[in-house]
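Data block below; observations after.
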Amino acid sequence: MTLNVASITLFGPVSASPRSRSVRPKRYRHYHTEAQDTFYVINGTIRVSTREPEEEVCLTVGMTYSVRPGRPHLVANAGAISAVFLVLQGMGEHDFVPLI
């Protein structure tokens, strides 16, 4: 589901299987030029890895974490069961700039 209200976009729920723990960072690490991503976990555990500065945060049910515009990040399942989470993108251009 994608819901856009007054330039705030909600993606989700998003599901990540335990196999996604082997995500290749170069392929999926990205940033958004203007929009902030906020992650909210509904079920399971996700890992948000960021650069500039380097940081890795594990989120469980009910936890949130925000990534500022321009900050490279990668989200993966950090648990043994499927993870379900919402992604809320704030105001600004909703782009996806992959890092190679």
**Prompt:** Would a scan of the stretch 40-48 turn up a residue that is charged (D, E, K, R), surrounded by 13 or more Cβ atoms within 10 Å (Cβ to Cβ) and either assigned to a strand (DSSP E or B) or modelled with pLDDT under 95 (or both)?
**Reply:** yes
**Prompt:** Of the conditions (1) at pLDDT below 95; (2) within 21 Å of residue 90 (Cα to Cα); (3) loosely packed, with under 14 Cβ neighbours inside 10 Å, residue 28 fails just one. Which one is it?
**Reply:** (3)
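Please verify whether residue 74 is touching a Ser or Thr at 6+ places or on another chain (Cβ under 7 Å) and either outside any loop (DSSP other than H, G, I, E, B) or surrounded by fewer than 13 Cβ atoms within 10 Å (Cβ to Cβ) (or both), treating the condition exactly as stated. So that I can check it myself, show each step before the final result.
Working: touching a Ser or Thr at 6+ places or on another chain (Cβ under 7 Å): yes; either outside any loop (DSSP other than H, G, I, E, B) or surrounded by fewer than 13 Cβ atoms within 10 Å (Cβ to Cβ) (or both): yes.
Considered against the rule, which asks whether it is touching a Ser or Thr at 6+ places or on another chain (Cβ under 7 Å) and either outside any loop (DSSP other than H, G, I, E, B) or surrounded by fewer than 13 Cβ atoms within 10 Å (Cβ to Cβ) (or both), residue 74 comes out as yes.
Output the residues belonging to the stretch 27-39 that are under 12 Å from residue 98 (Cβ atoms) and in a strand (DSSP E or B). Walk me through how you get there before you give the answer.
The initial filter retains those residues of the stretch 27-39 that are under 12 Å from residue 98 (Cβ atoms), namely 27-32.
Once the filter is applied, which keeps residues that are under 12 Å from residue 98 (Cβ atoms) and in a strand (DSSP E or B), the stretch 27-39 yields 30, 31.
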**Asked** Looking at the stretch 52-100, which of its residues are among the polar types (S, T, N, Q) and without any contact (Cβ under 8 Å) to a residue 40 or more places away in the chain?
**Response** 60, 64, 66
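Restricting to the stretch 37-60, give me the number of residues that are aliphatic (A, V, I, L, M) and on the phi > 0 side of the Ramachandran plot. Lay out the reasoning, then the answer.
Quick first cut of the stretch 37-60, residues aliphatic (A, V, I, L, M) only: 41-42, 46, 48, 57, 59.
The next check asks that each one be on the phi > 0 side of the Ramachandran plot; those that pass are none.
Of the residues in the stretch 37-60, 0 are aliphatic (A, V, I, L, M) and on the phi > 0 side of the Ramachandran plot.
The values are calculated or read from the model by the stated rules, or taken from the named source; none is laboratory data. Since the model is a prediction, treat every value here as computed from it, not as a measurement. Note that each Cβ is placed from the backbone with ideal geometry, even for glycine, and that neighbours are counted across all protein chains shown.
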